[in-house]
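K.L.:
Right, I'll just put the structure down here and ask away after.
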Amino acid sequence: MMETSPRAHGFEVVGSAPGCAIRRALGYSGSSALAVLATGIAQHAFPGAAFAVLQQGNVMLQGAIGRFTYDEAAEDLTLSTVFDLASVTKVVATTAMAMLLYDRGQLDLKQRVVDILPEFKTDDARREKITIEMLLAHSSGLPAYERLFERARSREELMNLTFRLPLIADPGTHAEYSDIGFILLGEILERLAGEPLDVFSMREIFGPLRMKSTCFRPAERFRSRIPPTRDDRDFRRRLVQGEVHDENASVMGGVAGHAGAFGNTSDLMSFSAAMLGYGPELFQKETITLFTRRQSSPAGTSRALGWDTPSSPSQSGRYLSPSSFGHLGYTGTSLWIDGERKIAIALLTNRTWPVNESKLIKQVRPAFHDAVMEEVLSVTR
């Protein structure tokens, strides 16, 4: 699971200091990006971070800085360190599965949710208007989040609660980023495919793209090699390391449409290359365009299908094109892809350590993206 090597040309490997490593293509430095991340670590935005930059199908920069925790004796991050991807799961697994099923004619974006999930039907007739497309676009009218794990002790119980959650808006009228919608979407995709999300993803997405470190539910023997995300004193009452941080996904057994995947920056670059048309052709070009194009409604939405697009101000920074697409994860992860510039940038952290409190990544992330893009643009001029 843990051994990967980025596919890149002309790399030099620099081991500058304990807790800091970088691979870079000739002509690239990465020093500005590392400086932004080092400042973030000093401010306790996160204990450590790993990143990678893809350009024209090649990994041009890959770095790691910091430790698993703030303890000086903690293990250093490496270029291959695996992180809890959190909501980046929504694009590299769930949306990717939806795209493949769409390509194969097994998924109709206009199909009603109640046609596949009859349990979702209630006395509220508005629910019968919700489509798969609305779940992907976060315009279903479902709430953003509910602490279902406090009332459910199994996947079945949690799904039953999800089926009954009331709407907070009329379908199609309001964009509200919704974990709940993606929990339902994961269930829909599993029923359409006839198999679990993790099984499908491993065979049809992670395997073909050689994402060797990406999986749901990491094996017990690998968990100590994954940075912890929380010292959980409230729900699980243990250190959360190598198991999904999200409590709802945890009750679901670690496999859910909204969270649960683990991976590293090398694998995210492999996935990004496929989205940009390099490497194995996993998705049809027309499908990539359809799913990554910003929706025209509801008014003011920044959402595509499964993906997000830059808003103002954007966590993607100032330099990615308006047609870029990406996604953030609660644990401090992100992936942004610019089809116009043929660039992808992944940033992975465990900013939730130890108690979910730090929000400083909201300042660090756009500054990091700007530092990367300023160097990329200066090298390519």
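The values are calculated or read from the model by the stated rules, or taken from the named source; none is laboratory data. No experiment lies behind these values; they were computed from the predicted model shown. Cβ: placed from backbone, ideal geometry, glycine included. Neighbour counts: every protein chain shown.
K.L.:
Give me the residue from region 161-192 that is surrounded by 14 or more Cβ atoms within 10 Å (Cβ to Cβ) and of a type in the set (S, T, N, Q) and, out of that set, farthest from H258 (Cα to Cα).
P.N.:
Filtering region 161-192 for residues that are surrounded by 14 or more Cβ atoms within 10 Å (Cβ to Cβ) and of a type in the set (S, T, N, Q), the one farthest from H258 (Cα to Cα) comes out as T162.
K.L.:
Which condition number does G277 fail, the rest of (1) within 25 Å of K212 (Cβ to Cβ); (2) surrounded by 16 or more Cβ atoms within 10 Å (Cβ to Cβ); (3) not charged (D, E, K, R) being met?
P.N.:
Tallying (1) within 25 Å of K212 (Cβ to Cβ); (2) surrounded by 16 or more Cβ atoms within 10 Å (Cβ to Cβ); (3) not charged (D, E, K, R), G277 fails exactly one: (2).
K.L.:
Sticking with this one: Would you please name the residue that is farthest from T349 (Cα to Cα), looking only at residues in region 26-65 that are among the β-branched types (V, I, T) and surrounded by 16 or more Cβ atoms within 10 Å (Cβ to Cβ)? Let's see the steps before the verdict.
P.N.:
Restricting attention to region 26-65, the residues satisfying the condition of being among the β-branched types (V, I, T) are 36, 39, 41, 53, 59, 65.
Then drop every residue that is not surrounded by 16 or more Cβ atoms within 10 Å (Cβ to Cβ), which leaves 36, 41, 53, 59, 65.
On the way: V36: 13, I41: 10, V53: 15, V59: 19, I65: 10 Å.
The extreme case among them is V59.
K.L.:
Counting only residues that are without any contact (Cβ under 8 Å) to a residue 24 or more places away in the chain and surrounded by fewer than 16 Cβ atoms within 10 Å (Cβ to Cβ), how many does region 193-220 have?
P.N.:
6
K.L.:
Here is a further query. Among the residues in region 102-109, are any surrounded by fewer than 18 Cβ atoms within 10 Å (Cβ to Cβ), under 23 Å from the mean Cα position of the chain (by Cα), modelled with pLDDT of 95 or more and in a helix (DSSP H, G or I)?
P.N.:
Yes, that holds for at least one residue.
K.L.:
Ok, one more. Would you check which residues across region 246-274 are in a loop (DSSP other than H, G, I, E, B) and either at pLDDT below 95 or buried (at least 24 other Cβ atoms within 10 Å of the Cβ) (or both) and list them?
P.N.:
Within region 246-274, D246, M252, A256, G257, H258, A259, G260, N264 qualify.
K.L.:
Given the conditions (1) among the hydrophobic types (A, V, I, L, M, F, W, C); (2) buried (at least 24 other Cβ atoms within 10 Å of the Cβ); (3) over 17 Å from the mean Cα position of the chain (by Cα), report the number of the one that L290 does not fulfil.
P.N.:
Answer for L290: the failing condition is (2).
K.L.:
So which of F182, F216 is aromatic (F, W, Y), touching a His at 6+ places or on another chain (Cβ under 9 Å) and within 20 Å of L328 (Cα to Cα)?
P.N.:
On inspection, the qualifying residue turns out to be F182.
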